[in-house]
Amino acid sequence: MLLSAAGDALGYRNQLWEYCKSGAQIHSQLKDLGGLVKITASLPDWPVSDDTVLHLATAESLATGKLGEDLYHELATRYVSAMSDMEGRKPGPTSILGTSQLRPGEPGGFRIPFNPSATGCGAAMRSMCIGLRFPRPSELSLLVAVSVESGKMTHNHPTGYLGSLASALFLALAVQRVPLELWGVRLLEALPVALEYIRSTGSDVERHVEAWDYFRESWERYLSERGLSQGTGPAVFPPLYGPEERDKEYARWCLEDWAGRSGHDAPMIAYDALLGAGNSWEELCSRSMFHGGDSDSTGVIAGCCWGALYGLSGVPKGNYSELEYRDRLESTARSLHKLAWPGH
């Protein structure tokens, strides 16, 4: 939870880097700052963005221990409330619209209409903690239901809410110590489970089915390019893959000319960074937080996954020790751990 927020704050840099289209420029500015080791991610210069505020809303809802519709109403309530904490955090227009349509406490009030434009990453960036709450393979159907329903509360389109599933699933796989090279295949295997869940809701099923294939096909292409279609590694990267090359590569995967902005490619860039970074926090930041595009959203996902795999080892203390909302992050993490692993 701490490194998710660190990835957010570092990738955001108080709006300066989230809206920069050049990874090379970001790396140059990082060098001028003295490098990653010199950064103390604290207020006022390094606030967390809407990503962490909404991730905390998800985590604190899960920490209540509620399930089913009680949980969904709790999520809706906290998402609506979180929108009052967005000064200077730049929430996306789809998140703003979605939360304005929620009616928590009313029958079905956690559901909003299907939105053909809701393809953004606003659901993917806030769902990682679902994998911390439901980390076991036997809990896959529950993880799917919660990630899909929570994602649909603002991003009621498959490309949007399947990003929520991807981020949640990747955290569960990290906890399970499933090899990274298998994560993409496991995501594709989970998609039929998600589609069956969508059919079971009986809500706008045809529209969801019509829009379903883009997410799956995007991930199939990516895994094929990385040589991971069978889940066996190592991943195959271009021979030159520095900041400029990564910007071009990430741009090929994206919608609307903004890498990491959508539900399919925000977790994809985070996953690509994890595959290439190994146990190096610095390399992870270089690949997932310091690129041209939506760098805080890819950073929040990658940082959370990396933290689940490697803890705080090798992370400069300043990157996480004075984070905004650190106490809430740690407290919620402890609560999720007690719920997920009773008796441990």
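Just so you know, all these numbers are worked out from the coordinates, no wet-lab data involved. A quick note: this is a predicted structure, and the numbers were derived from the prediction, not measured. Because the Cβ atoms are built from the backbone with ideal geometry, glycine has one as well, and the counts that use them run over all protein chains shown.
Treat every Asp and Glu Cβ in region 1-128 as -1 and every Lys and Arg Cβ as +1, leave all other atoms uncharged, and give the resulting dipole magnitude about the Cα centre to the nearest 20 debye.
On the way: 11 positive and 13 negative charges, 64 e Å.
Around 300 debye, computed over region 1-128.
Net charge near P44, counting Lys/Arg +1 and Asp/Glu -1 over other residues with Cβ under 14 Å of its Cβ? Walk me through the intermediate numbers first.
Numbers: positive: R13, R89; negative: D45, E87, E322, E324.
For residues surrounding P44, the net value is -2.
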Amide H of G120: which non-local residues (sequence gap of 5 or more, or other chain) have their own amide H closer than 5 Å, using H built in the peptide plane?
-> G263
Cut-off 19 Å (backbone N to label point 7 Å along Cα→Cβ of S117), residues of region 92-108 | 92-102
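Given the rule -39500 (n - 2.57) for each run of at least 4 DSSP H residues, summed and divided by the residues of the chain, what is its mean residue ellipticity at 222 nm, to the nearest 500 deg cm²/dmol?
Numbers: 16 runs with 197 residues, N = 344.
The helix-only estimate for the chain comes to -18000 deg cm²/dmol at 222 nm.
Let me spell out the model: positive unit charges on the Cβ of Lys and Arg, negative unit charges on the Cβ of Asp and Glu, origin at the Cα centre of the chain. What dipole size does that give, in debye rounded to 20?
Details: 31 positive and 41 negative charges, 117 e Å.
Taking the Cα centre of the chain as origin, the dipole is about 560 debye.
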Over region 2-340, calculate the relative contact order: mean separation of alpha carbon pairs under 8 Å at least 6 apart, over the residue count, as a percent.
-> 30 percent
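So, counting K/R as plus one and D/E as minus one, what does the shell of residues with Cβ under 15 Å around D213 add up to?
Values: positive: R207, R216, R221; negative: E206, E210, E217, E220.
That works out to -1.
What is the sum of charges, Lys and Arg at +1 and Asp and Glu at -1, for the other residues whose Cβ falls under 15 Å from the Cβ of P116?
Values: positive: K152, R207; negative: D204, E206, E210, D213, E256.
Taking every other residue near P116 into account, the sum is -3.
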